[in-house]
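Visitor: The following block contains the structure, expressed as structure tokens.
The values are calculated or read from the model by the stated rules, or taken from the named source; none is laboratory data. Given the structure is predicted, the values throughout are model-derived calculations rather than measurements. So basically every Cβ, Gly included, is an ideal-geometry build from the backbone, and we count neighbours across all protein chains shown. The area values use the complete protein model at the heavy-atom level, side chains included, leaving out ligands, DNA and RNA. Shrake-Rupley method; radii C 1.70, N 1.55, O 1.52, S 1.80 Å.
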Amino acid sequence: MPAVLMLGNIHLFAQDSRPLQVGSNRELFVDQYLIYKLNNVTQELHTPRNEGVVLKFDNPWEGNFSGYCTIIKDSSQYKLYYRGIREAGKDGNDNEVTCYAESSDGFNWVKPDLGIYTINGTMNNNVILAHVAPATHNFSPFLDANPDAKASERFKAVGGTGKTGLFAFVSADGIHWKKAQEAAVFKTGVFDSQNVAFWSESEQQYVCYFRTWSDGGFTLYKGYRSVSRTTSKDFINWTNPVNMTFGNTPLDHLYTNQTSPYFRAPHIYLAIGARFMPKRQVLTDEQAKALNVNPNYFKDCSDAILMTTRGGNNYDRTFMESFIRPGIGLENWVSRSNYPVLNVVQTSPSELSVYVNESYAQPTAHIKRYSLRLDGFASLNAGLKGGEVITKPFKFKGKELEINYSTSAAGSVRIEILDEKNKPVRGYTLNDSQEIIGNEIKRIVSWNGKEDVSSLEGKPVKLKIYLKDADLYSLKFN
């Protein structure tokens with residue numbers, strides 16, 4: 001985390017003397033990138049709303065140990081991928097398969113009979129990958145955003161374990177897959193988790209975040225479960241890995257990292273990962289037996305956390321608290337449960353969805369959906385007494401300022417534009433600013449009825465934001 005000076009209710013964050021290059025990026029308040037000063041304002045982490053079970057692992061080839069799930073929004077269709085396995089076994093055994101479900105809305109899911117593989121004596125199943133162990137242990141696909149990607153390789157994936165390394169897979173439709181090459185494309189890692197890859201629009205390269213251990217170099221099981229990173233221009237040849245760092249924060253066991261670009265701000269990678277608490281036992285032997293939990297999978301617990309990164313080898317852990325707590329009921333307090341599904345997707349004009357793999361190692365294993373407003377992971381929040389935010393100096397590109405906000409009936413948001421010397425810019429002062437009241441995903445800010453800020457484009461400016469019983473979730477210059 002960046003250095004921060006606290007003076008009563010005033011928080012001052014370290015800043016570079018050079019203006020930030022914000023351009024027309026949407027900026028969320030999941031880190032301190034844009035924030036210089038908070039006065040009676042806090043950064044609040046918001047808890048997603050539990051929307052209930054959307055998919056059960058109830059096919060014979062799925063079951064209790066299904067996991068390492070990925071959801072992809074492909075145009076108007078949602079695609080869901082997950083490991084299918086009913087009985088616990090050695091990582092990477094041939095009984096593990098990759099299953100597929102699809103949806104038109106993200107709420108109602110269908111497991112199609114694909115007829116690709118014979119499983120349990122039938123081709124009427126939803127298996128898209130089988131008999132390519134160990135890749136099916138943790139097969140992790142993505143929709144390739146690289147504009148130069150071949151149509152036949154519109155979908156890509158990685159999968160594999162420490163003994164074999166990661167194999168690369170490609171697909172035209174996300175259902176029929178083949179190896180990009182027979183040999184593993186990357187071998188320097190432990191890989192005993194879901195390893196994720198994607199095309200980075202901001203970095204113009206493929207990036208892969210994969211499992212290592214904090215004290216084990218890149219190949220030994222020692223210390224804390226952690227994350228390392230490698231990059232590639234072609235998805236085949238990868239750079240030497242680097243360990244991810246976490247700022248001045250205590251280490252957690254991070255079982256999955258689930259790092260992916262946020263679809264409304266792809267320069268910000270959200271990591272909604274699983275925090276694992278080994279030997280933190282909640283259930284008694286009798287309680288575990290009553291739930292029919294596998295006896296090897298109830299002596300730990302876990303929850304979901306939120307980290308972010310903007311590229312490079314550092315995660316920002318502004319929020320150390322749980323993002324999604326385990327639910328009510330002992331079935332939620334077993335080992336390796338509450339693991340987030342890879343990717344966040346939009347499921348309505350104002351809503352996004354996060355999915356979580358729950359009730360692990362039990363006959364009731366399933367995926368549950370959680371919802372937030374768009375950009376609603378965190379906000380700048382002030383109470384009824386009011387507070388102020390001053391941003392770091394930045395340069396923008398655009399002609400209007402859009403905000404995502406909510407206020408109470410008594411609350412408000414007002415925005416003043418400052419120059420580099422902290423002087424209000426004429427025509428954009430607090431007195432000129434419209435008092436904004438309401439709850440909107442998109443609102444254009446105005447000063448004396450004027451929305452146009454193009455005269456300030458490319459010039460170093462700051463924003464001074466006045467909040468009263470209000471939340472500010474994001475801002476963007478259009």
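Visitor: Quick one: which strands (runs of 3 or more DSSP E) lie wholly within the range 1-41 and hold at least 2 residues that are modelled with pLDDT of 75 or more?
Guide: 10-13, 20-23, 35-39
Visitor: Filtering the range 163-201 down to residues that are touching a helix residue (DSSP H, G or I) at 6+ places or on another chain (Cβ under 8 Å) and open to solvent by less than 20 Å² (accessible area, probe 1.4 Å), which residue is farthest from Asn243 (Cα to Cα)?
Guide: Ser171
Visitor: Another question about this same structure. Just to check your reading of the model, which residue among Ser337, Ser379, Ser348 is free of Cβ contacts under 8 Å to residues at least 40 places away in the same chain, buried (at least 24 other Cβ atoms within 10 Å of the Cβ) and of a type outside the set (Phe, Trp, Tyr)?
Guide: Working: Ser379 fails: free of Cβ contacts under 8 Å to residues at least 40 places away in the same chain; Ser348 fails: buried (at least 24 other Cβ atoms within 10 Å of the Cβ).
Answer to the check: Ser337.
Visitor: Can you list residue pairs whose Cβ atoms sit under 7 Å apart, with the first residue in the range 201-224 being on the phi > 0 side of the Ramachandran plot and the second being small (Gly, Ala, Ser)? Count only pairs 6 or more apart in sequence or on different chains.
Guide: Within 7 Å, the pairs are Gly223/Ser214; Gly223/Gly216.
Visitor: Here is a further query. So, in the range 83-99, exactly how many residues are touching a Gly at 6+ places or on another chain (Cβ under 8 Å) and either more than 13 Å from Phe139 (Cβ to Cβ) or surrounded by 23 or more Cβ atoms within 10 Å (Cβ to Cβ) (or both)?
Guide: The total comes to 9.
Visitor: To continue, here is another question. Which members of the range 25-82 meet the condition of being among the acidic types (Asp, Glu), more than 30 Å from Pro112 (Cβ to Cβ) and surrounded by fewer than 20 Cβ atoms within 10 Å (Cβ to Cβ)?
Guide: Of all residues in the range 25-82, those among the acidic types (Asp, Glu) come to 27, 31, 44, 51, 58, 62, 74.
Filter once more, keeping what is more than 30 Å from Pro112 (Cβ to Cβ): 27, 31, 44.
Correct list: Glu44 only.
Visitor: Pull up the range 423-478, narrow it to residues that are in a helix (DSSP H, G or I) and not aliphatic (A, V, I, L, M), then point me to the one that is surrounded by the most Cβ atoms within 10 Å (Cβ to Cβ).
Guide: Here the residue is Ser454.
Visitor: While we're looking at this one, here's another question. List the number of the failed condition for Ala168; all other conditions in (1) within 22 Å of Tyr82 (Cα to Cα); (2) under 20 Å from the mean Cα position of the chain (by Cα) hold.
Guide: (2)
Visitor: Then there's this: From Lys464, Lys459, which residue is more than 17 Å from Tyr36 (Cβ to Cβ) and at pLDDT 95 or above? Write out each step before concluding.
Guide: Working: Lys464 fails: more than 17 Å from Tyr36 (Cβ to Cβ).
Testing whether each residue is more than 17 Å from Tyr36 (Cβ to Cβ) and at pLDDT 95 or above leaves just Lys459.
Visitor: Name the single residue, out of those in the range 234-264 being among the hydroxyl-bearing types (Ser, Thr, Tyr) and under 20 Å from the mean Cα position of the chain (by Cα), that is surrounded by the most Cβ atoms within 10 Å (Cβ to Cβ).
Guide: This residue is Thr256.
Visitor: Across the range 123-162, which residue is surrounded by the most Cβ atoms within 10 Å (Cβ to Cβ) among those that are acidic (Asp, Glu) and part of a loop (DSSP other than H, G, I, E, B)?
Guide: Of everything passing the filter in the range 123-162, Asp144 is surrounded by the most Cβ atoms within 10 Å (Cβ to Cβ).
Visitor: If I filter the range 406-421 down to residues being closer than 18 Å to Trp447 by Cα and not basic (Lys, Arg), which single residue comes out as surrounded by the most Cβ atoms within 10 Å (Cβ to Cβ)?
Guide: Val413
Visitor: Of all residues being under 13 Å from the mean Cα position of the chain (by Cα) and under 12 Å from Gly273 (Cα atoms) in the range 300-314, which is surrounded by the most Cβ atoms within 10 Å (Cβ to Cβ)? Just the residue, please.
Guide: Ranking the candidates gives Met307 first.
Visitor: Go through the range 280-299 and give me each residue that's open to solvent by 20 Å² or more (accessible area, probe 1.4 Å) and in a loop (DSSP other than H, G, I, E, B).
Guide: Arg280, Gln281, Val282, Thr284, Asn292, Asn294, Pro295, Asn296, Tyr297, Lys299
Visitor: Please work out if Lys462 is farther than 30 Å from Glu87 by Cβ, basic (Lys, Arg) and in contact (Cβ under 8 Å) with a residue 40 or more places away in the chain.
Guide: Values: farther than 30 Å from Glu87 by Cβ: yes; basic (Lys, Arg): yes; in contact (Cβ under 8 Å) with a residue 40 or more places away in the chain: yes.
Spelling it out, Lys462 is indeed farther than 30 Å from Glu87 by Cβ, basic (Lys, Arg) and in contact (Cβ under 8 Å) with a residue 40 or more places away in the chain.
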